[in-house]
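Worksheet: one structure, shown below.
The values are calculated or read from the model by the stated rules, or taken from the named source; none is laboratory data. Note that the structure is a prediction, hence the values are computed from the model and not measured. Ideal geometry is used to build each Cβ from the backbone, glycine not excepted, and the neighbour counts take in all protein chains shown.
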Amino acid sequence: MAQAWLDLELGWSLLTILATTLVYRLALHAFERSGRNSLLHPLITAPLVIAGTLVLFSVDFTRYESGAQILTWMLGPATVALAIPLYHQASNIRRHGAAVILTTLLGGAIAVALAMGAAALAGADQEVIRSLASKSVTTPIALSLSELLGGIAQLAAGAVIITGVCGALCGPPLLHSMGITDNRVIGFTLGVTAHGIGTARAFTIDRQAGAYASLGMGLTGMLTAFILPLILR
Amino acid sequence: MKAVLNALILLFAALWLGNGLQLLILESVPGPVLGMVLMLGYLLVRGEDLPALNTVAQWLIKYLSLFFIPVSVGIWFLADDIRQQWPAILLATIPATILAQVFVALVFKTLLQYTEKRY
């Protein structure tokens, strides 16, 4: 009996991983076919399809989540892997050290303060406000941060995705309208304010914008993770 | 093949040490982020990158969204009292993101111009 139960659990886990990867594969395909339209980012479409499927078959979210936890667990190694593009950008950090680090610190602080302040003004709960604090940070770091800060993981995930999509969509036209044409500035801004989704958008502009976006994303994630818990705990 | 194994060993060693460091000393910083800093430090001291590590890292980062999907599905299953706060959440995130972009772009542009004039 116990053996059969274990096998059922294993089977369920494998099924959720299989289904999640399959849906992600299709979502990525649709995203690429759309010319990388940020509104069709796999982080918007795939969760929607999976959530719909869970409702359709009346499966509890917690049951799905425990089945797919190996995928979530991979966020740990993926965070460590972020060190590698950051290392490749080391020459840019040396060249523009002060500009890069000052902008990251000021920009990160402003983004957090604006989001938390606006949520407080709009009358959100403390838990919700704390979940928004990590919104500009790349996904794996945002999750471990929101856990440390007493936020709700799923809500933090939502805030991160909304921020990324909004930043990737608004950023380039907004900066162009301000007369900014330097791709280093556009890329870096996308990386600092819109993490991975913004960085993906920057790579569609050109390699230089993408490189500066990776740099901005990596630094923002790292510095926010060190500083934010000291202020908010 | 062994190079890929070495890359995996490095990644997991950094993650494990980062985790330990959080438990023992720096409890306010997430363990994986400490692992990231350790890995960056290792590469900077080493002075050159490892091709196999580049490949593994590129793969992990390229499909980062996949690992984030199980949590993101939960956005649709939040408790009612949290769900009622969506208008506040959207109101906070969207304008905050746009204002932060204007700010970051202006600061970075100004600082870049300033540093480039000096050299």
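Conditions (1) aromatic (Phe, Trp, Tyr); (2) modelled with pLDDT of 85 or more, marked per residue:
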{"residue": "B:LEU17", "(1), (2)": "no, yes"}
{"residue": "B:LEU24", "(1), (2)": "no, yes"}
{"residue": "B:GLY31", "(1), (2)": "no, yes"}
{"residue": "B:ASN54", "(1), (2)": "no, yes"}
{"residue": "B:LEU60", "(1), (2)": "no, yes"}
{"residue": "B:LEU64", "(1), (2)": "no, no"}
{"residue": "B:GLY74", "(1), (2)": "no, yes"}
{"residue": "B:ALA100", "(1), (2)": "no, yes"}
{"residue": "B:PHE108", "(1), (2)": "yes, yes"}
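Would it be correct to say that A:ILE180 is surrounded by fewer than 24 Cβ atoms within 10 Å (Cβ to Cβ), assigned by TED's automatic domain parsing to the domain that holds A:PHE226 and aliphatic (A, V, I, L, M)?
So A:ILE180 fits the description; yes.
Within segment A:82-92, can you find the residues that are more than 8 Å from chain B (Cβ to nearest Cβ) and surrounded by fewer than 16 Cβ atoms within 10 Å (Cβ to Cβ)?
A:SER91
In segment A:110-134, what count of residues is obtained for those that are more than 8 Å from chain B (Cβ to nearest Cβ), part of a helix (DSSP H, G or I) and either of a type in the set (Val, Ile, Thr) or in contact (Cβ under 8 Å) with a residue 60 or more places away in the chain (or both)?
Matching residues across segment A:110-134 total 3.
Taking segment A:18-34, which residues are closer than 15 Å to A:ILE70 by Cα and either in contact with a Leu (Cβ under 6 Å, 6 or more places away or on another chain) or within 9 Å of chain B (Cβ to nearest Cβ) (or both)?
Keep residues of segment A:18-34 that are closer than 15 Å to A:ILE70 by Cα, which gives A:18-21.
A:THR20, A:THR21 - these are the residues of segment A:18-34 that are closer than 15 Å to A:ILE70 by Cα and either in contact with a Leu (Cβ under 6 Å, 6 or more places away or on another chain) or within 9 Å of chain B (Cβ to nearest Cβ) (or both).
Looking at this structure, is A:VAL137 touching a residue at least 24 places away in the same chain (Cβ under 8 Å), closer than 28 Å to B:VAL56 by Cα, surrounded by 23 or more Cβ atoms within 10 Å (Cβ to Cβ) and of a type in the set (Val, Ile, Thr)?
The answer is yes for A:VAL137.
Go through A:GLY164, A:GLY151 for me and flag whichever is assigned to a loop (DSSP other than H, G, I, E, B) and crowded, with 24+ Cβ neighbours inside 10 Å. Can you show your working first?
On the way: A:GLY164 fails: assigned to a loop (DSSP other than H, G, I, E, B).
Unique residue meeting the criteria: A:GLY151.
Can you tell me which residue is surrounded by the most Cβ atoms within 10 Å (Cβ to Cβ) among those in segment B:32-43 that are more than 7 Å from every other protein chain (Cβ to nearest Cβ) and over 15 Å from A:THR224 (Cβ atoms)? Outline the logic, then answer.
Of all residues in segment B:32-43, those more than 7 Å from every other protein chain (Cβ to nearest Cβ) come to B:34, B:38, B:41-42.
Okay, now just the ones that are also over 15 Å from A:THR224 (Cβ atoms), so B:38, B:41-42.
Working: B:LEU38: 20, B:GLY41: 13, B:TYR42: 15.
Looking at the filtered set, the residue picked out is B:LEU38.
For segment B:72-89, what are the residues that are within 7 Å of chain A (Cβ to nearest Cβ) and of a type in the set (A, V, I, L, M)?
Matches in segment B:72-89: B:VAL73, B:ILE75, B:LEU78, B:ILE82, B:ALA88, B:ILE89.
May I ask you to verify whether A:THR53 is part of a helix (DSSP H, G or I) and within 22 Å of the chain's Cα centre (by Cα)?
The answer is no for A:THR53.
Name the residue, out of A:LEU22, A:LEU39, that is under 16 Å from B:LEU66 (Cβ atoms) and loosely packed, with under 15 Cβ neighbours inside 10 Å.
Working: A:LEU39 fails: under 16 Å from B:LEU66 (Cβ atoms).
Answer to the selection: A:LEU22.
Has segment B:46-59 got at least one residue that is facing chain A (nearest Cβ under 7 Å) and of a type in the set (Ser, Thr, Tyr)?
No: zero hits.
I'd like to know if segment A:46-66 contains one or more residues that are within 11 Å of chain B (Cβ to nearest Cβ), in contact (Cβ under 8 Å) with a residue 12 or more places away in the chain, closer than 21 Å to A:VAL137 by Cα and surrounded by 13 or more Cβ atoms within 10 Å (Cβ to Cβ).
Checked against the condition, which is being within 11 Å of chain B (Cβ to nearest Cβ), in contact (Cβ under 8 Å) with a residue 12 or more places away in the chain, closer than 21 Å to A:VAL137 by Cα and surrounded by 13 or more Cβ atoms within 10 Å (Cβ to Cβ), segment A:46-66 yields at least one hit.
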